[in-house]
Amino acid sequence: MIIFGLDLGNKQTKLFSTKTIGNGDNKVEGKVLPSHFLYYDDLGNAETSVFGNKLNIRKYKTEFDDEEYGWGPDLHKVHNNENLLDTIGFEKRYSTHEFKLLANFALGELAKDFEEATDNILAVNVVTGVPSDDFNESSVKDLIKVLNGRHNITIDDVSYTVDVKEVQVIPQSIGTVYNELLDNDGHINPEKEYYLEEETTVVDIGGGTILIDTLKNMNLASKTQYTTGIYTLYDMIIEKAKDKGNEYSSLTAYDLEVILREGNDDKGYYFKPNKNVTLDISDIVKRVRARYTRDLINKINKTIKSTSSTDTMLLTGGGANLVDRDEIVARYKFALFAENSETANSKGFFKYGKAVMNSDEEAAATVEE
Ligand SMILES: Nc1ncnc2c1ncn2[C@@H]1O[C@H](COP(=O)(O)OP(=O)(O)OP(=O)(O)O)[C@@H](O)[C@H]1O
Ligand SMILES: [Mg+2]
């Protein structure tokens, strides 16, 4: 069975699957896309421009909505922030129409690399995760309802059909640890086996939320969720910039997301409200980052109170790239930053799906004997 790992985050959608190619090897597919989109006609002629590079944005259409939508990694390049349809939300997110659209686009996006999805129906199992506060019966039910069953998604006028046979929802933080523990085939990496018996605190710095979860022997022992994800850092930067003058007034969180990704401390961070003006916001970024990091450490301290029993603290989520890492390691000697932290969860979900499949197969083999 094909496994799709989906992390439908507040800010970004992370997708993971593998596909067997001609020589029997697996091609690994990790994708990062925004968790927002727009009406396709709002793209104007940005997408059809003859000159310059074609943007990586495609046209998505589902069966349950008459509209066509534009979605893709290059959405930020069209400078149409006011028309973006967001899926960020803290209440009842999984039952919104926008979330349902995003989930269907995500399934189509992974399915489009499989020939079966065009000629026939692609059967898959989905593994996804939710922030620990959403790990309750009603949220999990809502999420399963959105993902389960048959989906038809048209991407750039090609139709793909996916049949989701099974949906597994696990706490997001457990996904992060599975990513450390398992290889791409779902087998335990002997060098990481200690996670099975240790106390691990996962700090997931996402776009909307910060999760501080403690696992003992891979079971969720305590969970705390804060709503001060990276959008809070963006808001703090915007507020400070706007205090400096009117020329900063058009700066948005979508702009900042790109500015922080493209810049670094050596090159600096620059806001370009139009092609003739470049504003240096490096000082603001550094000051706000220091504050945000200090606040994060404060939250971790309050949450885990005693670190004497913690074996490992694992920092993950895209936000792990935006905090002052030295400051965190200076405070917690046992802190580790997940490799490719923004995609660690989705990859962990995928590996978890593989491990479950392996153990089902083993159980079936034992029965047959
Ligand atoms: N290397 C990087 N440099 C700069 N910013 C980054 C980098 N990687 C991720 N980000 C930013 O970190 C933020 C958080 O990303 P992430 O994908 O973890 O959020 P999310 O999972 O959607 O949110 P949540 O977990 O709250 O649902 C995003 O705004 C993203 O653009
Ligand atoms: Mg996340």
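Values in this text are rule-based calculations from the coordinates and carry no lab data. Being a predicted model, the structure only gives us computed values, none of them experimental. Every residue, glycine among them, receives a Cβ derived from its backbone with ideal geometry; neighbour counts consider all protein chains shown.
Over 15 Å, how big is the tail of the calculated P(r) for the stretch 283-369, in percent of all Cα pairs?
69
What's the ranking of 264-270, 97-103 by average number of surrounding C-beta atoms within 10 Å, highest first?
Ranked by mean Cβ neighbours within 10 Å, highest first: 97-103, 264-270.
Given the pairs LYS11/LYS100; LYS27/LYS112; LYS27/LYS61; LYS223/LYS351; LYS11/LYS145; LYS19/LYS347, which are separated by over 19 angstrom at their Cα positions?
LYS27/LYS61; LYS223/LYS351; LYS11/LYS145
Along each of its three principal axes, how wide is the spread of alpha-carbon positions in the stretch 288-331, in whole angstrom units, largest first?
30, 17, 17
Assuming 0.890 mPa s and 25 °C, estimate D for the stretch 232-353 with Stokes-Einstein, Rh taken as the Kirkwood radius over Cα pairs, in µm²/s.
On the way: Rh = 16.3 Å.
Taking Rh from Cα pairs, D becomes 151 µm²/s.
Using a Cα-Cα cut-off of under 19 Å, which lysines could be cross-linked to LYS272, ignoring same-chain neighbours fewer than 8 residues away?
Counting by Cα, and skipping residues close in sequence, LYS272 has these lysines nearby: LYS77, LYS240, LYS242, LYS244, LYS286.
For the stretch 56-108 and the stretch 128-144, what is the separation of their Cα centres, given in Å?
So the separation of the two Cα centres works out to 20 Å.
Quick check on the stretch 324-366: what are the equivalent-ellipsoid semi-axes from the Cα gyration tensor, as sqrt(5λ), descending, whole Å?
36, 12, 4
Remind me, what semi-axes does the stretch 61-121 give for its equivalent ellipsoid, largest first in whole Å, using sqrt of 5 times each Cα gyration tensor eigenvalue? Write out the running numbers ahead of the final one.
Details: eigenvalues 107, 55, 23 Å².
Working through the eigenvalues yields semi-axes of 23, 17, 11 Å.
Give me, ordered by chain and number, the residues 5 or more places off PHE337 or on other chains with an amide H under 5 Å from its own placed amide H.
Amide H to amide H, under 5 Å and 5 or more residues apart or across chains, PHE337 pairs with LEU315.
With Rg and the Kirkwood Rh both taken from Cα atoms, where does Rg over Rh land for the stretch 91-196?
1.03
Using alpha carbons only, how many angstrom separate the centre of the stretch 266-341 from the centre of the stretch 200-245?
Their Cα centres are 10 Å away from one another.
For the chain, what is the calculated [θ] at 222 nm in deg cm²/dmol (nearest 500), taking -39500 (n - 2.57) for each run of four or more DSSP H residues and dividing by its residue count?
Taken over the chain, the calculation gives -10500 deg cm²/dmol.
Viscosity 0.890 mPa s, temperature 25 °C: Stokes-Einstein D of the chain from its Kirkwood Cα radius, in µm² per second?
113
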